[in-house]
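Working notes, structure below.
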Amino acid sequence: MILGLSIPAFIVLHVAISLIGILAGLAALLAQAKGRFLPRIQALFLATTLLTSLTGFLFPFRGFTPAIGVGIVSTLVLIVALVALYGLRLRGRARVVYAVSATAALWLNLFVLVVQSFLKMPWLHAFAPTGTEPPFLATQGLLLVAMLILGAAIVRQPSVARKAASRSIA
């Protein structure tokens, strides 16, 4: 039992939170790359992505695992994003720091989605049973390139996001 839920029920909750974070992150960051800042969607993205990392620590692991490592990195990246957005209100370099950290947080969540998809979906697992085969590596490589492009597009946007964030946070 985890938080009063059976492990299968907790897994469903954890995955649901993660998928909400991914969808909200894609919506928020794609809009931001186009010069539109969606404060409520950004907040949903950050909250659910942080909750994904934190609930991940509750699973009954023994010892340090790659999942724990990703969770630690994701949590730290999200703290940076939260400080840049809500603490510094995207002023000055905080806008770029937010763009990079929010994009990195989304990438980490998508990275885990790809890993889990190759592990749990039989038709994908057949292409990469150990996670070291070319289809898995190509998928992760394409994901990384897409996220770098997205992050760069957000960084190139003018300070529209900073103005919107200052209005919505105040």
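The values are calculated or read from the model by the stated rules, or taken from the named source; none is laboratory data. The model shown is predicted, which means the values in this text are computed figures rather than measured ones. Positions of Cβ are backbone-derived with ideal geometry, glycine not excepted, and every protein chain shown enters the neighbour counts. Just the protein is used for accessible areas: all its heavy atoms, side chains included, with ligands, DNA and RNA removed. Shrake-Rupley method; radii C 1.70, N 1.55, O 1.52, S 1.80 Å.
Calculated mean residue ellipticity, 222 nm, the chain: -25000 deg cm²/dmol, from DSSP H runs (n ≥ 4) at -39500 (n - 2.57) each, averaged per residue and rounded to 500.
As a fraction of the 1.4 Å probe accessible area of the range 1-81, surface on carbon and sulfur atoms comes out at 78 percent. Here the chain is treated with +1 on each Lys and Arg Cβ and -1 on each Asp and Glu Cβ, and its dipole about the Cα centre works out to around 900 debye. Sites listed here are chymotrypsin sites (Phe, Trp or Tyr not before Pro) in the range 25-73 whose DSSP assignment is loop and whose Cβ has at most 13 other Cβ atoms within 10 Å: F57, F61, F64.
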